[in-house]
1. At 0.36 nm per residue, minus the direct Cα-Cα distance, what do SER236 and LYS41 gain on full extension? Give it in nm, one decimal, please.
2. Suppose we look only past 33 Å in the calculated P(r) of the chain. What percent of the Cα-Cα pairs does that tail hold?
3. Decide, for the stretch 223-341, between rounded, prolate and oblate: order the square roots of the alpha carbon gyration tensor eigenvalues as a ≥ b ≥ c, take rounded if a/c falls under 1.5, and otherwise choose prolate if a/b is larger than b/c, else oblate.
4. Can you tally the net charge around ASN369? Count Lys and Arg as +1, Asp and Glu as -1, for every other residue whose Cβ sits under 15 Å from the Cβ of ASN369.
5. Would you list the P(r) distribution for the stretch 293-383, with all Cα-Cα distances sorted into 10 Å bins from 0 and each bin expressed as a whole %?
6. Please state the charge dipole magnitude for the chain, taken about the Cα centre, from unit charges on C-beta atoms (+1 on K and R, -1 on D and E), reported in debye and rounded to the nearest 20.
7. So, in nm, how far is label LEU62 from label THR33 when the simple model puts each one 7 Å beyond its Cα toward the Cβ?
8. In percent, how large is the relative contact order of the chain, given Cα pairs closer than 8 Å and 6 or more residues apart?
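FYI, it's all coordinate maths here, none of it is from the lab. All figures in this text were calculated on a predicted structure; none of them were measured in a lab. Counting neighbours? That spans all protein chains shown, and the Cβs are built from the backbone with ideal geometry, glycine included.
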Amino acid sequence: METIKRLFQAKIEAKLNKGKVLVLYGPRQVGKTTLVKEILKKHSSGKGYFNCEEILVNETLLSMNSSRMFNYFSGNEIIALDEAQSVLNIGKALKILIDSHPELNIIATGSSSFELANEVSEPLTGRKYEFFLPPISFEEIKHNFGNAAAIENIENALIYGSYPEIVTTANNEEKLEKLRLLATSYLYRDVLNYNRIKNPDLLMKILKSLALQVGNEVSPNEIARSIQIDRKTVLSYISLLEQAFVIFRLPPFIKNRRDEIKKMSKYYFHDNGILNALVNNFLPLENRNDVGALWENYLVSERRKFNECHNLKPNSFFWRTHSGNEIDLIEEANGELFPFEFKYNSEKFSRGAHSFVENYKSKEIQVVNKQNIFEFLQTLTKS
């Protein structure tokens, strides 16, 4: 496949010329640099890109001197500051720059929210727009290459994931090589460099444990016992992995009924390829016994991409009872509940799931399989 035009580009462009800093988060290798360079090509003849890991750029921002910063960066219609989290007190520097020159268009990118978000949160209060760039979405494949290509790519996405470099690589062996490199080191660079991480092997053990539990509630206590560490350490590592955009949490839907599971959350990976790399399984779907978990991870993550792209903010949950009744995904918007069940081939929802509709007067359960994924990713549940 060719270079993929990101649907998120229009969202970012719509906020230019607003007198605020645009902050773009996302995992490493997800295409943030490519995206900002595409914006620069369109609006400023490609000029205005600065890598904050370069010494002179970093020192200019560290100066906190509005005149020095303006003289260095001005003359560009857009100023794109890539890897902004590498600059100490970047939030303060950006505040000084945008306050003294509100006419500037500044885009700052970062791959770890625990560094960049913490730095920009307070200094840029009321002075920023935030965006999250995920791996390539089903909708973006459809938009770039058509419905047939999007459907044909589903199995590839379930196995190899949707990182831009993976999607645009035709050879499966090359996909595997790139994925393994990404999943064993590069993706976690921000986490491993963080000062609270002292044991990379422990991080990988926790990741593999989470990968093997996709689709199930995760017990930090069980993980702690299995790898012989304390629960607090497990929770700390999981939190960092969330902030580095490797995994995300889906909480339980709770209305204080006695039978409902209340304490444990589910964790999903932003990308199926990373999930498969961690369990070291790239077999075709027909040779696997975890297709249900792969399908669930794929659809929950795709739904997040869809909602993010369309500025939708429903509350999202799963529901399960101790007696085995369950709903894979529930979206709550405008006082209504929208339940979804994910079945790769089936059209039937789980036994007992209808009790959710009866108890909570929700919308009817929608079963999402590979035949009706279009409908699922075009169903708006606006908050």
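1. Using 0.36 nm per residue and subtracting the Cα-Cα distance, I get 66.2 nm.
2. Summing the P(r) tail past 33 Å for the chain gives 35 percent.
3. Here the stretch 223-341 falls in the rounded category.
4. Values: positive: ARG303, LYS343, LYS348, LYS370; negative: GLU155, GLU296, GLU302, ASP328, GLU341, GLU347, GLU375.
In short, -3.
5. Here the calculated profile for the stretch 293-383 is 16, 53, 29, 2.
6. On the way: 49 positive and 47 negative charges, 168 e Å.
With Lys and Arg at +1 and Asp and Glu at -1, about 800 debye.
7. 2.1
8. 14
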